[in-house]
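Laboratory data are not the source of any read-out in this text; all were calculated from the coordinates shown. Remember, predicted model here, so these are calculated numbers, not experimental data. Here the Cβ positions follow ideal geometry from the backbone for every residue, glycine too, while neighbour counts run over all protein chains shown.
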Amino acid sequence: MVKHKRIITSVMILAFILFSSNFLIRSNFNTEESSPIYFSLVAKTNYDGVRPEFLYILHDELLDIGINLTVITQDWPTFAGELLAFRDFDICYYDLTGGEGGDPDFNGLYNEEGFLNLFGYDTSMDWDEDPGTGINEWYMQQGKFIVPPDSGERIQHYWDWEQYLMTNLLPMQPTFASKDYTAYWSGLNGFNFTDGLVQSWGKMYWSDLHYNQSSTEELRVIGDQVDNLNPFILTDSDYPALITSAVIDPLLWIDSDKSVWPHLAENYVFLNDTHLRLYIRDDVKWQLDPDGLFPAEYLDVNDIYFTFYCLKYILNNVHLWNWIKSMEIVDNYTLDIFIDADVSTPQLEAYANCLLDLSKPILPEHYLNQSQLGDGITPDKTHISWANFANCSFGTGLFKVIEFIPNNLTKLELFTDSWWLDNSITNDPDLDWENRFGDFYSPMTYFTIYCPLNVSDPTHEFESGYIDILNLNSNYTLKNIYNTHPWYSTQSKLRGTMGFFGYNMREVRPFLGNRAPCAADPSITKGLAIRKAISYAMDRVYMNNEVNDGEHYITDWPIYRILGIWCNPNIIKYRHNLTLAQYYINLALSTVTPTKSTINSIVYIPGFTSIMTIISSITISTIVLLITKRKKVNE
């Protein structure tokens, strides 16, 4: 019995020693984890909104790799001065807005002479003798001249540029794209918020009536205040986009992923880089004009020529159309457009945004060009047809206007003679119509759009059943409320925003701008290694959860995520990884780089205490087993 007690006492002492050793190892390791501060950086943003919160979180995260971040928040004018002129920072946090345009050309932000080149890129950073410029600069300038602008070659070019920029330069770390939300009564099927109401119409139907709904043949929404239905007379803020897209067709259609599709143009061909030929779709009937003068009018080349003539010469923002050097009518359904992106040079130059610009609503020449000015060419905008068109616009689209009360109400009715409903046209395989627009098996007939002045409380109108869809904008709190209610459904879509941490790569910044090669790996500069370390050290998932309630989309591209097909699907992703962060900071600061085996060992160092715990457990279990066996032998 005494011997047995001695063994138990010995086991307890041994267990205590092992536990104490484990504790000391853990304590010593944690002391080592509190990294020494190697250097400090200055981070700036404006103090409106949540931007400072991202920098404060980054401050805590960078301590893990020995970087102290001094966070400075400023009023907007001061911070804007930092971005545009002074650039006295190492890191900034900023959000860009405007990704709806659809083109990946980011000259102005990432090129050497860019007005918003807050990162400090210059061609000496990646100079290449063959193109005689920086590689990044070559990518950006070359991308503007690849024709066709929507070709696979041009898409691949921008994919390659994105990968190069984020791997070899890393001027910024993208963070989040915000979202818009919508709520709708759950009996509505087939609605796609990202594609939009008009493109969803052929797929939508009501499975049942909801409270205060009188018919399944109608959809009721709240739209922007509109006092004029001519899409080209209004300012951008008044542009009746929803009504226009329902009534007036564009020449080309841009899907939500920014892919370009034939629409009123049956096809388009670049005969060379600056010569575009448009083939116009025939058998497309115009809706009846408000005066009833043209009951059987069909689309032809004159409508296309007239529209772009007006845009170039007599309507708003004429300067935006200088790229159209001239137009020539080939026949009733063929138009040639000659392009010159830079009229200041003698040679013609390609224009990358030409297809996007051509995706504009097409005006009815037969109605609006009834009278011309003294030159016999320029359309007379004072003719009564222009005023009538502003109050009752018409087109070749899916709907026609049956009632318009300015700033109050617009009622639309399905245009049964629309080419949208003609299978002999829409079965064109180049349209992929059914996948994109639906089969229109039993489309709703009426579309009613109320204006804000007529609705004091949109939320009340929605919950009372008087409207079917409610735009929640960025209010995800309200989205979450509706999402849990059995009567409603919700959807989200990405907005044209891009938040990012900007890195100042100018040589005057001694750390982020350090262009000396790392001693152990000359293929990477010390500044790039530090930028990579910071990108791997930040935890954007945590930031998103803490600041955005997890609602924003974490993005990895140096362009807006809503640019769809232009975003490289295999872009490098700097996911939170302290092992890689520590590797790159060591690479930048040390004369010896960790080998791959050393990196692997770094992964497991934090688990060393767990290993000791396992060893302790095994040791104790072994001794206990020995005691048990001895006891059985003694018995």
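Could you tell me the distance between the Cα centroids of the stretch 285-299 and the stretch 179-208, to the nearest Å?
31 Å
Can you show me the helix-derived [θ] at 222 nm for the chain, built from DSSP H runs with n ≥ 4 at -39,500 (n - 2.57) apiece and divided by the number of residues, rounded to the nearest 500. Spell out each step's value before the answer.
On the way: 20 runs with 204 residues, N = 635.
After summing the helix terms and dividing by the residues of the chain, the value is -9500 deg cm²/dmol.
State, as an integer percentage, the relative contact order of the chain based on alpha-carbon contacts under 8 Å between residues 6 or more apart.
Details: 1151 pairs, mean separation 136.7, N = 635.
Reported as a whole number, the value is 22 percent.
Let me check I've understood the local charge: for Gly564, count other residues with C-beta under 11 angstrom from its C-beta, Lys and Arg +1, Asp and Glu -1. What total comes out?
Neighbour charge sum, excluding Gly564 itself: 0.
Mind ordering 498-506, 353-361, 68-76 by average Cβ neighbours within 10 Å, highest first? Don't jump to the answer; show the numbers that get you there.
Working: 498-506: 23.6, 353-361: 18.8, 68-76: 14.8.
Listed from highest to lowest mean packing, they are 498-506, 353-361, 68-76.
From the Cα gyration tensor of the chain, with a ≥ b ≥ c the square roots of its eigenvalues, which class applies: rounded if a/c is under 1.5, or else prolate if a/b is larger than b/c, or else oblate?
Numbers: a/c = 2.76, a/b = 1.77, b/c = 1.56.
Cα axes put the chain in the prolate bin.
Let's see if you can work this out: charge +1 on each Lys and Arg Cβ, -1 on each Asp and Glu Cβ, no other charges. What is the dipole magnitude of the chain about its Cα centre, in debye to the nearest 20? Walk me through the numbers on the way to the answer.
Working: 41 positive and 79 negative charges, 1019 e Å.
Computed charge dipole of the chain: roughly 4900 debye.
Going by alpha carbons, how many degrees (0 to 90, nearest 10) lie between the helix axis of 608-634 and the longest principal axis of the chain?
50 degrees
For the cross-link pairs Lys144/Lys526; Lys258/Lys411; Lys325/Lys360; Lys203/Lys400, which exceed 24 Å when the distance is taken from alpha carbon to alpha carbon? Walk me through the numbers on the way to the answer.
Details: Lys144/Lys526 32 Å; Lys258/Lys411 29 Å; Lys325/Lys360 18 Å; Lys203/Lys400 19 Å.
Checking Cα-Cα distances, Lys144/Lys526; Lys258/Lys411 exceed 24 Å.
State, as an integer percentage, the relative contact order of the stretch 60-196 based on alpha-carbon contacts under 8 Å between residues 6 or more apart.
12 percent
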